[in-house]
1. Take Val313 and tell me if it is β-branched (Val, Ile, Thr) and in contact (Cβ under 8 Å) with a residue 24 or more places away in the chain.
2. Only one of these conditions is not met by Leu291: (1) closer than 20 Å to Asp118 by Cα; (2) surrounded by 19 or more Cβ atoms within 10 Å (Cβ to Cβ). Which number is it?
3. Considering Val245, Val256, which residue is more than 30 Å from Asn300 (Cβ to Cβ) and at pLDDT 95 or above?
4. It is to be established whether one or more residues within segment 184-193 are among the small types (Gly, Ala, Ser), within 16 Å of the ligand (Cβ to nearest atom), out of contact with any strand residue (DSSP E or B) (no Cβ under 7 Å at 6 or more places or on another chain) and within 30 Å of Ser334 (Cα to Cα).
5. Enumerate the pairs (first residue in segment 54-72 and surrounded by 24 or more Cβ atoms within 10 Å (Cβ to Cβ); second residue anywhere and of a type in the set (Ser, Thr, Tyr) and part of a loop (DSSP other than H, G, I, E, B)) with beta-carbon separation below 7 Å, excluding pairs fewer than 6 apart on the same chain, so at least 6 apart or on different chains.
6. Could you look through segment 240-276, keep only residues that are aromatic (Phe, Trp, Tyr) and in contact with a helix residue (DSSP H, G or I) (Cβ under 6 Å, 6 or more places away or on another chain), and pick out the one that is nearest to the ligand (Cβ to nearest atom)?
7. From Ala44, Ala50, which residue is more than 13 Å from the ligand (Cβ to nearest atom), at pLDDT 95 or above, more than 30 Å from Thr136 (Cβ to Cβ) and in a helix (DSSP H, G or I)?
8. Could you list, ordered by first residue, the pairs with Cβ atoms under 9 Å in which the first is in segment 366-388 and at pLDDT below 95 and within 11 Å of the ligand (Cβ to nearest atom) and the second is assigned to a helix (DSSP H, G or I) and not polar (S, T, N, Q), at least 6 apart or interchain?
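The values are calculated or read from the model by the stated rules, or taken from the named source; none is laboratory data. Here the structure is a predicted model, which is why all the values come from computation and not from measurement. Cβ placement follows ideal geometry from the backbone for every residue including glycine, while neighbour counts extend to all protein chains displayed.
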Amino acid sequence: MTQHECLWTASAPAPRPYLDKPLPGKTDVVVVGGGYTGTSAALALAKGGARVTLLEAQSIGWGASARNGGQALSCLHDPLAHLVEKHGRDRARAMFLAAVRAAETVEQVIKDESIECDYWRSGSVEAASKPAHFETFEREQAMLYDVAGYKVQLVPKGEVASELGTQAYHGLMINPRGGSVQPAKFVHGLASAAERAGAEIHEATRVLAIERLGLPARDGSRFLVRTDRGDVHAKDVVLAANAWVGTFIPEFRGRVFPVESFILATEPLPAELAARLIPNNRVVYDTRRVLAYYRLSPDNRMVWGGEVTFSGVRPEANIHSLRRGMLRIFPELSDFKIEYYWGGTLGLTLTESAHAGMIDGMWYSMCYVGHGVTLAVYLGRQVANGILGRSVDNPFADLPIPRIPLLRDRTWYANVVKAWYGFLDRIA
Ligand SMILES: Cc1cc2nc3c(=O)[nH]c(=O)nc-3n(C[C@H](O)[C@H](O)[C@H](O)COP(=O)(O)OP(=O)(O)OC[C@H]3O[C@@H](n4cnc5c(N)ncnc54)[C@H](O)[C@@H]3O)c2cc1C
């Protein structure tokens, strides 16, 4: 029986609710959003001695953070060659190495805070969907070493079976770093760590607007944060609301748009089959524009996401599309039931880059293009460093975010973009 329910939340212990406290009238830092960005920033701020108040409209992890594919990647969405073209060699190197440090940071924070989230240093596999994509891998491998001193391994078509039990790909690129997490356990572990360090967390608290005070108040407050449970004065604000940031920060309206991605999980597979399909238990994604990303869960389910799926359509239509994509790669899964199916929302901009910096005196970090498991944790921590007056590693600072013309109904926009990219994947 397929359940329209997220495997990760269904298979995690029931989280502690953060509903028991009145809002403080004032605080040092308000963090808006309780995903990886917000909980990581809150943890670092509280450890740095700041009085932190995290406000989450729904519940911890409700956004993308409890529902994603759990691929903790040590790279960026853009290949290094594209980054060099867009930003020049030095900034591209800094961006790439920040992503590597982001993966290391995730591993370290899980260890330091004893977060039980099934972390496994799996490394990742990028799978060439077309012959030309493997040639791109060869150039990328050389460039990664030349520009960043970073080593990846290539697997030619004839040897793919050592990594994936399928004939569908034209070669692979293996990134040995990074790993996989159980996303819901990870975000709840970060929230608990932040609370232990002294952060105050308030769920079911929606920020409606943020006003900058003309003159700082006598207690140093510079912002008035208006919520549906009352107002909070703060010296600093961290915007960690990702896809929804434009709903209360007018400057981001029409620039950050939400895109839904869907995932299914099969019933648990026999151990022998699971070990044949993904022998080294790595996380996997392919090279299409509308890519598929997949992995095994700790109990050997195939967890498959991506494909051309649409927001606002009947769930069954998206399940069919996901299942078709999965069976193209692993036909032997046709006999296995789909037991879970869910969607989640990512924030994207036209730049297809991460964005972190300052707007109108407030700090923000968002839009990690499918790499937020690591980048959100890292950049959330960098934002905290900035507030604490420490050195900051943020090569994504203040990249311009173009406005999208006529972006009012954001659902149709994301659907059209996906359909167009899906078409390009088929023809090019
Ligand atoms: C289906 C799916 C699969 C993905 N797979 C991967 C993957 O395998 N690897 C990877 O690296 N990345 C993946 N991602 C992306 C990754 O999950 C995100 O980049 C990351 O979770 C972003 O974290 P965040 O804290 O910035 O945002 P979110 O987790 O989205 O959190 C933002 C929070 O802000 C809250 N909020 C919004 N507005 C307000 C308001 N007004 N007041 C208070 N709170 C508010 C929301 O309720 C939400 O909980 C995936 C995303 C999805 C949707």
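1. no
2. (1)
3. Val245
4. yes
5. Between residues of segment 54-72 that are surrounded by 24 or more Cβ atoms within 10 Å (Cβ to Cβ) and residues that are of a type in the set (Ser, Thr, Tyr) and part of a loop (DSSP other than H, G, I, E, B), the close pairs are Leu55/Thr205; Glu56/Thr205; Ile60/Tyr18.
6. The selected residue is Phe262.
7. Answer to the check: Ala44.
8. Close Cβ pairs satisfying both conditions: Val369/Leu375.
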